[in-house]
1. Being surrounded by 17 or more Cβ atoms within 10 Å (Cβ to Cβ) and within 26 Å of Leu168 (Cα to Cα) is the requirement here; does Ala46 meet it?
2. Say whether the condition of being at pLDDT 95 or above, of a type in the set (Ser, Thr, Tyr), assigned to a strand (DSSP E or B) and touching a strand residue (DSSP E or B) at 6+ places or on another chain (Cβ under 9 Å) is met by at least one residue in segment 6-22.
3. Of the residues Ala35, Ala51, only one is under 18 Å from the mean Cα position of the chain (by Cα) and among the hydrophobic types (A, V, I, L, M, F, W, C); which?
4. Among the residues of segment 47-67, write down those that are under 17 Å from Tyr21 (Cβ atoms) and among the hydroxyl-bearing types (Ser, Thr, Tyr).
5. Find the residue count for segment 65-101, including only residues that are assigned to a helix (DSSP H, G or I), over 13 Å from Val7 (Cβ atoms) and touching a residue at least 24 places away in the same chain (Cβ under 8 Å).
6. Out of (1) closer than 19 Å to Ile182 by Cβ; (2) surrounded by fewer than 24 Cβ atoms within 10 Å (Cβ to Cβ), what's the single condition that is false for Gln142?
7. Among Ala46, Ala58, which is the only one that is aliphatic (A, V, I, L, M) and either under 21 Å from Arg178 (Cα atoms) or outside any helix (DSSP H, G or I) (or both)?
8. Would you pick out the residues in segment 190-199 that are under 24 Å from Trp109 (Cβ atoms) and part of a helix (DSSP H, G or I)?
Amino acid sequence: MKLPDKVAVITGAGIGIGRIYAKALAGQGASIVIADLDAEAGERTATEIMAEGGKAIATVTDVSKEVQVQEMAAEAARAFGGIDILINNAGLHLMEYNVPCTQLGLDKWRKLLDVNVTGALMCASACHPSMKERGGGVIVNQSSIAAYMAAGAYGVSKLALNGLTMALATEFAPDNIRVHGIAPGLIESEALLAEMPEEARERTVTSQLIKRPGQMTDLAGLMVFLCSEESSMITSQTWIVDGGSIRRV
């Protein structure tokens, strides 16, 4: 196991990619805090982890609400003694927010940034003291290849998140906290399959060098690597996982 005795907080881990992340970290020996708005989904994921021999709790957390974020970090400390890993996975995404910037109402713009950017910042700030006290830690921010496509409000929010990854990596480096980003392309999560039309999925796969849709498990190995000591010389980078759709120097 790569992460024995570590404590990991994963936001938005009730379903989808966050759930796969939580189970992957538990499989490497970490104790898991599932922070999700959906209490039932969060408890279900925690129950699945415990049924497989892992340790997990679920908290109801809206990452755009500072009080709830602070309580999430406090609950992790009460249950498991502290925090070593934070996965900022919760986010607003897909078709509702993937529209031209001037076509998204200001209320939705504020909500998008509150969750995708400010929410990640608040979670990192809340977990930072515990990580520092325990001698260091790892933060992984869930980005998107939309950040590199210069189109749409959702992409702008993820580009801002990439900037936050670099800023936090610099700010937290003296405390031995590494900060990474993962930018998936087309990943067949429950949310994407429910919202993205089949024709759009086919067009995306055609643009890739690897001619298949990405699976949620394709992200989990990289995430575990970034959280482990195997990546101890890496920080401040956002890693693209998209089958070669975005090709850049």
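The values are calculated or read from the model by the stated rules, or taken from the named source; none is laboratory data. Note that the structure is a prediction, hence the values are computed from the model and not measured. Heads up, the Cβs are rebuilt from the backbone with ideal geometry, glycines too, and the neighbour counts pull from every protein chain shown.
1. no
2. Among the residues of segment 6-22, at least one is at pLDDT 95 or above, of a type in the set (Ser, Thr, Tyr), assigned to a strand (DSSP E or B) and touching a strand residue (DSSP E or B) at 6+ places or on another chain (Cβ under 9 Å), which makes the answer yes.
3. Ala35 is the lone residue from the list that is under 18 Å from the mean Cα position of the chain (by Cα) and among the hydrophobic types (A, V, I, L, M, F, W, C).
4. If the condition is that a residue be under 17 Å from Tyr21 (Cβ atoms) and among the hydroxyl-bearing types (Ser, Thr, Tyr), then Thr47, Thr59, Thr61 are the ones that fit.
5. 4
6. So Gln142 meets the others, but not (2).
7. Matching residue, one of Ala46, Ala58: Ala58.
8. Ala191, Leu192, Ala194, Glu195
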